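Structure, as structure tokens:
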């Protein structure tokens, strides 16, 4: 069986971690820079974690904002080197909705609203040209779940 590297892309507060928990927690490892608040070089730590999981043929989810093509490129390249299937999930959520979701968070999980606005300015929707095998658009639904549909290229 080919392992998968799933890359979640979207604003803080768009539902990426909730989506991971609902859909993939039982089948895929979780790599997120949020889990290492005191690590100096989070990019290096992520690369090591991702490489370790892919080297053992384990499927993994990269759960960060992954806002730009440059942000996503290292994970895609690493997954390709390990022969993993690369799937992107783009959380197409308006800034106002991300801010509302973020307001419901507590402690370190809550980010300043300026962080959401900053990522929104940088956010580049993914394309297959980046190296994705599959791409999906994700939107939170009123029932607490998510609507997922293929992104048309």
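Rule-based calculations on the coordinates, nothing more; no lab input. Since the model is a prediction, treat every value here as computed from it, not as a measurement. In this analysis, Cβ positions are derived from the backbone assuming ideal geometry, glycine residues included, and neighbour counts consider all displayed protein chains.
Quick notes
- Counted by neighbouring Cβ atoms within 10 Å, the residues 136, 89 run from fewest to most as 136, 89.
- Fraction of the pair-distance distribution of the range 4-150 above 24 Å, Cα-Cα pairs, percent: 27
- Footprinting exposure proxy for 106, 47, 149 (fewest neighbouring C-beta atoms within 10 Å first): 106, 149, 47
- Max mean-square fluctuation residue, GNM over the chain, Cα-Cα springs under 10 Å, options 13, 107, 88: 107
- For 127, 17, order by how many other beta-carbon atoms lie within 10 Å, fewest first: 127, 17
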